[in-house]
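Colleague: Pasting in a structure now, in structure tokens, and then I'll have a few things to ask.
No value in this document is a laboratory result; all are computed from the given coordinates. Note that the structure is predicted; figures quoted are calculated from it, not measured. Because the Cβ atoms are built from the backbone with ideal geometry, glycine has one as well, and the counts that use them run over all protein chains shown.
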Amino acid sequence: MRFLITGGAGFIGAALANHLVRQGHTVRVLDDLSAGDSANLDPAIHFTRGDVEDKPKVWRLLNKIDCVYHLAARVSVPESILYPREYNNTNVGGTVAIMEAMRDAGVKRVVLASSGAVYGEQEVDKVSESLLPNPDSPYGVSKLAAEGYVRTIGRLWSIETVALRIFNAYGPGQAIPPTHAPVIPQFVRQVLGDGSLIIYGNGQQTRDYIYVDDVVQALIAAATAAGINRQVINIGTSTGTSITQLVALIEKVTGHKAQTIVTPAVSGGVSALVADTSRARKLLDFKPQVSLEEGLALLIERDPQFAKEKLSAMNDE
């Protein structure tokens, strides 16, 4: 098949692109490199630097494409609270732009990378797609709006659409920006480097952490699965892990004791967010293969940064 991946030089996008090209597919990637790195892509991938709102460029890239993966987005909940207009412009405006271009180019299937953040605070142990979304951040609002545009434009212009609500993905290649870093790579780096971990409140905030290879398998299945048009599908492990439990697992995998600082300050985000993955099992035959403990070990083994820090820590001992 022939795929276009927007945001394909980012964390999940690069993992997806590399996997697809290794399977023998033709893969084109469009990325503005605001957060991605084209060096992470297999040389066989056709990379173009650019923005999804550059219509002439996007039209050329959509020529003879079978399916679009729309992953281009800003993805930080805390950052979205500071810059809601930018999140709306990129996550909503960018989605509308790619749908318009697909309509004009005659591409008939799109897989949108959405987020579990659309649910917000819910009074259930596991969130299912039948729940009324209640986003508590501009990021969550932008992803919910993107889902609506994809579904509506798809219906109006006969484009098959599916939105995957991806929960807390982690794995090798995930960037650690100076601010608003994802929790797992940030915690692993701090533990290996004998830094301090900041834990807000009682440390019982619960999330559903899913290894990037499992996310890639779900994305691949969504490109060809039958009977999923207009669906939204949770992609997680259906297992909740508290911050306290996460720290204990990192200590176990690294063999290092974490130095923690507990603060009553509010960090933002919901108290619990765990996926009900029944629909993914039914529609995509999706079953995550990597446990959190296994995934943490793979992260340290496969990510050059952590492998180097682990070796340095061992030498210090």
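Colleague: For N63 and S271 in the same chain, what is the full-extension length gain: residue separation times 0.36 nm, less their Cα-Cα distance, in nm? Could you put the intermediate results ahead of the total?
Modeller: Numbers: separation 208, 0.36 × 208 = 74.88 nm, distance 4.45 nm.
Length gained, N63 through S271: 70.4 nm.
Colleague: How many percent of the alpha carbon pairs in segment 30-101 exceed a separation of 21 Å? Present the calculation step by step, with values, prior to reporting the outcome.
Modeller: On the way: 774 of 2556 pairs.
That tail contains 30 percent of the Cα-Cα pairs.
Colleague: Next up: Around A39, what is the net charge, scoring Lys/Arg as +1 and Asp/Glu as -1 over all other residues with Cβ under 14 Å from its Cβ?
Modeller: Working: positive: R49; negative: D31, D37, D42.
Within the 14 Å Cβ shell, the charges total -2.
Colleague: Normalised by the number of residues in segment 115-203, what is the relative contact order in percent for Cα pairs under 8 Å and 6+ residues apart? Don't jump to the answer; show the numbers that get you there.
Modeller: On the way: 65 pairs, mean separation 19.5, N = 89.
The value is 22 percent.
Colleague: Say R0 is 41 Å: what FRET efficiency, to the nearest 0.05, do K108 and R49 get from their beta-carbon distance? Spell out each step's value before the answer.
Modeller: Values: r = 26 Å, r/R0 = 0.64.
So, using R0 = 41 Å, E works out to roughly 0.95.
Colleague: Mind putting a number on the dipole of segment 156-246 about its Cα centre? Charges go on the C-beta only, +1 for Lys and Arg and -1 for Asp and Glu, and I need it in Debye to the nearest 20. Don't jump to the answer; show the numbers that get you there.
Modeller: Details: 4 positive and 5 negative charges, 35 e Å.
Approximately 160 debye in magnitude.
Colleague: Note down the relative contact order for the chain as a percent, whole number, built from C-alpha pairs under 8 angstrom at least six residues apart.
Modeller: Working: 620 pairs, mean separation 54.2, N = 317.
Reported relative contact order: 17 percent.
Colleague: What distance in nm lies between label points placed 7 Å from Cα along the C-beta direction at A297 and S130?
Modeller: So the label points at A297 and S130 sit 3.8 nm apart.
Colleague: Compare V96, V232, V124 in a GNM of the chain, Cα atoms joined below 10 Å, and give the one with the largest fluctuation.
Modeller: Comparing V96, V232, V124 in a Gaussian network model of the chain, the most mobile one is V124.
Colleague: Another question, if that's okay. Could you please rank M99, M1, placing first whichever residue has the fewest other Cβ atoms within 10 Å of its Cβ?
Modeller: Numbers: M99 26, M1 14.
So the residues, fewest neighbours to most, are M1, M99.
Colleague: Among L296, L192, L82, which one shows the highest mean-square fluctuation when the chain is modelled as a Gaussian network with alpha-carbon springs under 10 Å?
Modeller: Of L296, L192, L82, the most mobile in the Gaussian network model is L82.
Colleague: Which of the listed residues, I65, M102, Y83, is farthest toward the dipole's positive end in segment 47-111, when Lys, Arg count +1 and Asp, Glu count -1 at the beta-carbon?
Modeller: Looking along the dipole axis, the top candidate is I65.
Colleague: For D32, D208, which order do you get if you count the other beta carbons within 10 Å of each Cβ and list the fewest first? Please report the intermediate quantities before stating the final value.
Modeller: Values: D32 18, D208 27.
So the ranking, lowest neighbour count to highest, is D32, D208.
Colleague: Among T277, T48, which comes first, second and so on when ranked by fewest other beta-carbon atoms within 10 Å? Walk me through the numbers before you get to the answer.
Modeller: Details: T277 25, T48 16.
Lowest to highest Cβ neighbour count: T48, T277.
Colleague: What FRET efficiency would be calculated for the residue pair T244, R22, taking the C-beta separation as r and a Förster radius of 30 Å, to the nearest 0.05? Can you show the working numbers first?
Modeller: On the way: r = 38 Å, r/R0 = 1.26.
It comes to 0.20.
Colleague: When the expected Rg is taken as 2.2 N^0.38 Å, what fraction or multiple of it is the alpha-carbon Rg of the chain? Mind showing how you got there, number by number?
Modeller: Values: Rg = 19.2 Å, N = 317, 2.2 N^0.38 = 19.6 Å.
Against the empirical 2.2 N^0.38 Å value, I get 0.98 for the chain.
Colleague: What dipole magnitude, in Debye to the nearest 20, does the chain give about its Cα centre under +1 on Lys/Arg Cβ and -1 on Asp/Glu Cβ?
Modeller: Here the size comes out at about 1020 debye.
Colleague: What length, rounded to one decimal in nm, is gained on full extension from I198 through to D285, with 0.36 nm per residue of separation minus their alpha-carbon distance? Don't jump to the answer; show the numbers that get you there.
Modeller: Details: separation 87, 0.36 × 87 = 31.32 nm, distance 3.79 nm.
Roughly 27.5 nm would be gained on extension.
Colleague: Another one. Rounded, prolate or oblate, given the Cα gyration tensor of segment 1-133, with a/c below 1.5 counting as rounded? Could the numbers behind the result be given before it?
Modeller: Numbers: a/c = 1.64, a/b = 1.57, b/c = 1.04.
Prolate shape, in that a/c is at least 1.5 and a/b is the bigger ratio.
Colleague: Do the alpha carbons of any pairs in K252/K282; K55/K282; K108/K282 sit beyond 28 Å of each other, and which pairs?
Modeller: Working: K252/K282 34 Å; K55/K282 37 Å; K108/K282 23 Å.
From the list (K252/K282; K55/K282; K108/K282), the Cα-Cα distance tops 28 Å for K252/K282; K55/K282.
Colleague: Under 10 Å, Cα contacts only: if you run a Gaussian network model on the chain, which one of A222, A73, A258 comes out with the highest mean-square fluctuation?
Modeller: Ranking A222, A73, A258 by mean-square fluctuation puts A258 first.
Colleague: Moving on to the next point. For segment 136-280, what does the relative contact order come out to in percent, with C-alpha contacts under 8 Å and a separation of six or more? Numbers along the way, then the final one.
Modeller: Details: 202 pairs, mean separation 49.0, N = 145.
Dividing the mean separation by the residue count of segment 136-280 yields 34 percent.
Colleague: List the residues of segment 184-207 whose backbone N lies under 15 Å from a point placed 7 Å from the Cα of V262 along the Cα-to-Cβ direction.
Modeller: Flagged as within label range: 197-205.
Colleague: Let me ask you something else. When Lys and Arg each count +1 and Asp and Glu each count -1, what net charge do the other residues less than 9 Å away from E86, Cβ to Cβ, add up to?
Modeller: Working: positive: R74, R85; negative: E79.
Net local charge, E86 excluded: +1.
Colleague: Starting from the Cα-Cα distance between D37 and I81, subtract it from 0.36 nm times their residue separation and give me the gain in nm to one decimal. Write down the numbers at each step before the final one.
Modeller: Details: separation 44, 0.36 × 44 = 15.84 nm, distance 2.52 nm.
Extending this stretch completely gives an extra 13.3 nm.
Colleague: DSSP H helices in the chain with Cα extent of 20 Å or more along the helix axis and mean Kyte-Doolittle hydropathy at least -0.5? Before the final figure, lay out the partial values.
Modeller: Numbers: long enough: 138-157 (28 Å, -0.01).
The answer, listed by residue number, is 138-157.
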